[in-house]
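> Shown below is the structure under consideration.
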Amino acid sequence: MKTYITILIFLISTHTIFSQQKIPDWFLENMEQSIGSWVTDNKTYKSKNEPFDQFGMDWKWGIGKQSITGKLYGLIKGKKQGTFWEFRQYWDFTKNQGIVVQYGSDGTVGIGPMTLKEENQTEMIQEFTNPNGNKNIHKHLSSLREGELITTSFDIQPNKTWKKRRSYIWHITKNKKIMDLGIFSISLAVKDIKISKDFYEKLGFTMIDGNLDQKWAILKNGASKIGLFQGMFPKNTLTFNSENARDIHKKVNGEGITVTMPNGTDKNEGPASFMITDPDGNPILVDQH
């Protein structure tokens with residue numbers, strides 16, 4: 001009984017420690033944008049031994065939205081030709097890094113870290129082990145933006161340099177109805193900006209942007225963000241910071257939703273924003289800086 005209680009306490013304390021840690025924003029955003037079905041053209045590499053017109057990938061959330069799982073398959077005239085690889089992408093809290101594991105149909109397993117190289121670009125260096133025990137190391141660079149993914153694979157050479165192997169441009173399939181609103185936060189209408197800022201800092205938030213003299217501040221705690229605004233909003237507002245508010249504006253209009261306060265949505269570049277209201281009167285702001 002004592003042993004059982006000790007193990008139970010250990011499991012609970014371990015779960016508490018990990019639950020207090022946060023997955024980085026860039027990794028969460030990468031997983032979020034990966035969700036869906038992707039297709040790429042294979043005409044550059046198509047051959048007798050590789051007869052596929054296209055390749056496809058499907059990505060979905062794992063349990064609790066803490067990881068994503070995927071699979072890669074071939075396509076001939078739009079029909080799937082079997083799965084070649086299965087993937088899992090997750091954040092390893094013990095190593096404090098992103099990990100991608102993939103399993104091949106022949107029993108080969110690849111595993112390695114995913115790191116952020118620059119905005120929207122990640123690098124994976126994985127070690128692959130086949131059923132015979134032979135090992136190989138490969139690198140992948142991926143640039144992921146809304147609806148488009150560019151992947152480039154590299155093989156390591158005897159002199160430890162990387163040689164480019166293949167590049168693919170992937171697109172979300174057209175039959176997927178996607179409206180990526182961007183990063184969510186809440187904008188609070190406050191009475192006194194300094195008092196509110198001090199309160200949320202006691203809860204672990206840190207000011208990352210703003211101007212108290214202008215009566216606004218942006219605070220962050222892990223992956224959570226809030227905006228404090230004095231005299232700017234009549235009530236608390238749901239906010240989505242998007243990379244393309246103009247496209248969302250068009251989609252919202254197409255759904256017959258009433259738009260108010262459009263700003264810059266009629267221009268081709270620069271900041272843009274607009275507001276809508278849900279059926280219960282809650283204001284929603286979509287903002288592109």
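> Just give me the residues in the stretch 183-201 being within 29 Å of the chain's Cα centre (by Cα) and charged (D, E, K, R), in sequence order.
Across the stretch 183-201, the qualifying residues are Lys197, Glu201.
Here is a yes/no grid of residues against (1) open to solvent by 40 Å² or more (accessible area, probe 1.4 Å); (2) farther than 19 Å from Ile169 by Cβ; (3) in contact (Cβ under 8 Å) with a residue 24 or more places away in the chain:
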| position | (1), (2), (3) |
| --- | --- |
| Asn49 | yes, yes, no |
| Met57 | no, no, yes |
| Thr108 | no, yes, no |
| Pro131 | yes, yes, yes |
| Lys135 | yes, yes, no |
| Ser142 | no, no, no |
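> Sticking with this one: Failed condition for Leu181, given (1) in contact (Cβ under 8 Å) with a residue 24 or more places away in the chain; (2) in a loop (DSSP other than H, G, I, E, B); (3) open to solvent by 80 Å² or more (accessible area, probe 1.4 Å), with all others met?
Going through (1) in contact (Cβ under 8 Å) with a residue 24 or more places away in the chain; (2) in a loop (DSSP other than H, G, I, E, B); (3) open to solvent by 80 Å² or more (accessible area, probe 1.4 Å) one by one, Leu181 breaks only (3).
> For Leu75, indicate whether it is open to solvent by less than 40 Å² (accessible area, probe 1.4 Å), modelled with pLDDT of 90 or more and outside any loop (DSSP other than H, G, I, E, B). First the steps, then the outcome.
Numbers: open to solvent by less than 40 Å² (accessible area, probe 1.4 Å): yes; modelled with pLDDT of 90 or more: yes; outside any loop (DSSP other than H, G, I, E, B): yes.
Against the criterion (open to solvent by less than 40 Å² (accessible area, probe 1.4 Å), modelled with pLDDT of 90 or more and outside any loop (DSSP other than H, G, I, E, B)), Leu75 qualifies.
> Would you tally the residues in the stretch 253-289 being surrounded by 12 or more Cβ atoms within 10 Å (Cβ to Cβ), outside any strand (DSSP E or B) and touching a residue at least 40 places away in the same chain (Cβ under 8 Å)?
Looking only at that region, the number is 1.
> Something else: Considering only residues of the stretch 226-252 that are more than 22 Å from the chain's Cα centre (by Cα) and part of a strand (DSSP E or B), which is surrounded by the most Cβ atoms within 10 Å (Cβ to Cβ)?
The residue in question is Leu228.
> Exactly one condition in (1) open to solvent by less than 70 Å² (accessible area, probe 1.4 Å); (2) farther than 28 Å from Lys197 by Cβ; (3) modelled with pLDDT under 90 is false for Ala223; which is it?
(2)
> Another question, then. Going by the structure shown, is Gly82 surrounded by fewer than 16 Cβ atoms within 10 Å (Cβ to Cβ), on the phi > 0 side of the Ramachandran plot and modelled with pLDDT of 90 or more?
Working: surrounded by fewer than 16 Cβ atoms within 10 Å (Cβ to Cβ): yes; on the phi > 0 side of the Ramachandran plot: yes; modelled with pLDDT of 90 or more: no.
In short, no.
The values are calculated or read from the model by the stated rules, or taken from the named source; none is laboratory data. Note that the coordinates shown come from a computational prediction; the quantities given were computed from them, not determined experimentally. Quick reminder, even Gly has a Cβ in these numbers, built from the backbone with ideal geometry, and neighbours come from all protein chains shown. Areas reflect the complete protein model, heavy atoms only, side chains present, ligands, DNA and RNA absent. Shrake-Rupley method; radii C 1.70, N 1.55, O 1.52, S 1.80 Å.
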